[in-house]
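A short write-up of the structure that comes next.
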Amino acid sequence: MVENNLHSNARVIVVGVPGVGKTSVVTNAAERLNQSQSTTQVMVFGSIMLDEAKKLGIIDRDEMRKLSINTQRQLQEMAANSISGVRSVNIIIDTHLFINTIEGRYPGVPRNLLDILSPTHLIMISAAPEEIFARRMDDGTRNRDLISMDSIKNDLEVATIMIATSSVLTGAPFKIIFNHKDKLDDAVNELVDVISTKSERK
């Protein structure tokens, strides 16, 4: 059973499909919280997994998606156990709800990881499909798969179902925060408010 909401600090899982600007929202929110003396640490789940995957000869995160489901499951659990040991600060866990693999969509935060991480809150960063499409087309930093507007809409629908399901499984409240073009500050404020509210209740 998930031991949810037993942490005195916020433990917030933040997810979003590629192109919603999740990293920008998370980074800015953490900076603002730390400036207000609410010590907050961002833990990028994929980076922690990659540290383990490098031992298998994997050199980047895009390669990791091609690993077998069993291997990815093992790497996920190692990363989750590493994060679960950090309890003295607010934690924002930057991750994905699902990974597109040759076998189909694999959950980025399956039930066993929710059990280990025991989140206090679940946040999904979203945006209009047109905004996501434009951002992904402009992103030259990653080796992304080819995309279409229909696939983005489908991914958003699946993500919404999965975040709601994760909330049911954990008992943690979930919220969808929209990061619209030129409205980054609004999205950051919403995330800061969630974490600040939890911190004030300690």
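The values are calculated or read from the model by the stated rules, or taken from the named source; none is laboratory data. The structure displayed is predicted, hence computed values, not measured ones. All Cβ positions, even for glycine, are placed from backbone atoms using ideal geometry, and neighbour counts span all protein chains on display. Heavy atoms of the whole protein, side chains included, go into the accessibility calculation; ligands, DNA and RNA do not. Shrake-Rupley method; radii C 1.70, N 1.55, O 1.52, S 1.80 Å.
Some observations on this one:
- Largest GNM mean-square fluctuation across Ala134, Ala172, Ala30, computed for the chain with C-alpha springs under 10 Å, falls on Ala134.
- Net lengthening on full extension, Asp185/Arg135 (0.36 nm per residue, minus Cα-Cα): 16.3 nm
- Split the accessible area of the chain by element, probe 1.4 Å, and carbon with sulfur accounts for 51%.
- Accessible area per residue in Å² at 1.4 Å probe, computed on region 76-117: 42 Å²
- For the pair Ser82 and Arg111, the difference between a 0.36 nm per residue extended length and the Cα-Cα distance amounts to 8.8 nm.
- Rounded to 0.05, the FRET efficiency of the Ser151 and Val89 pair, given R0 = 22 Å and the Cβ-Cβ distance, is 0.05.
- Region 70-202: C-alpha gyration tensor shape, a/c 1.5 cut-off, then a/b vs b/c: oblate
- Violating pairs (Cα-Cα greater than 27 angstrom) within the set Lys66/Lys183; Lys153/Lys181; Lys54/Lys183; Lys22/Lys153; Lys66/Lys153: Lys66/Lys183; Lys54/Lys183
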